[in-house]
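For reference, the structure is listed below as structure tokens.
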Amino acid sequence: MTTISIEVDKDLARLFLQASVDEKRQLNFLLNLRLKELIARPHKPLAAIMDEMGCYAESQGMTSELLATLF
């Protein structure tokens, strides 16, 4: 893995920094997936990308409850 920097708003940065190690790992996973989809296949509609990400996240154990704890 390689580290990059992205700009986010102050509240999002605070929430991320306060997240547990496991939550950060899951967020990094989701962000990697999202960026890969957006960059590798920009011709896909955003809604289709989001649907695929949601299905994949669910298959990896992401739940609505877990997602709600991140915000």
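Laboratory data are not the source of any read-out in this text; all were calculated from the coordinates shown. Quantities reported herein were computed from a predicted structural model and do not represent experimental measurements. Cβ atoms come from the backbone with ideal geometry, glycine included; neighbour counts cover every protein chain shown.
Structure notes:
- Local charge for Leu31 was computed over the other residues whose Cβ lies under 14 Å away, with Lys and Arg +1 and Asp and Glu -1, and equals +1.
- Remark: the chain carries a charge dipole of roughly 260 debye about the Cα centre, counting +1 on each Lys and Arg Cβ and -1 on each Asp and Glu Cβ.
- For Leu70, no residue whose modelled amide H falls within less than 5 Å of its own remains once neighbours fewer than 5 places apart on the same chain are excluded.
- Which label in (1) 95; (2) 71; (3) 115 gives the computed volume of the Cα convex hull per residue in Å³: (3)
- A Förster distance of 22 Å, applied to the separation of the beta-carbon atoms of Leu17 and Leu67, puts the FRET efficiency at 0.75.
- Note that segment 55-62 has calculated 3J(HN,Hα) couplings of 5, 5, 4, 4, 5, 9, x, 6 Hz, one per residue in order, obtained from phi through the Karplus relation 6.51 cos²θ - 1.76 cosθ + 1.60 (θ = phi - 60°); glycine and proline are x.
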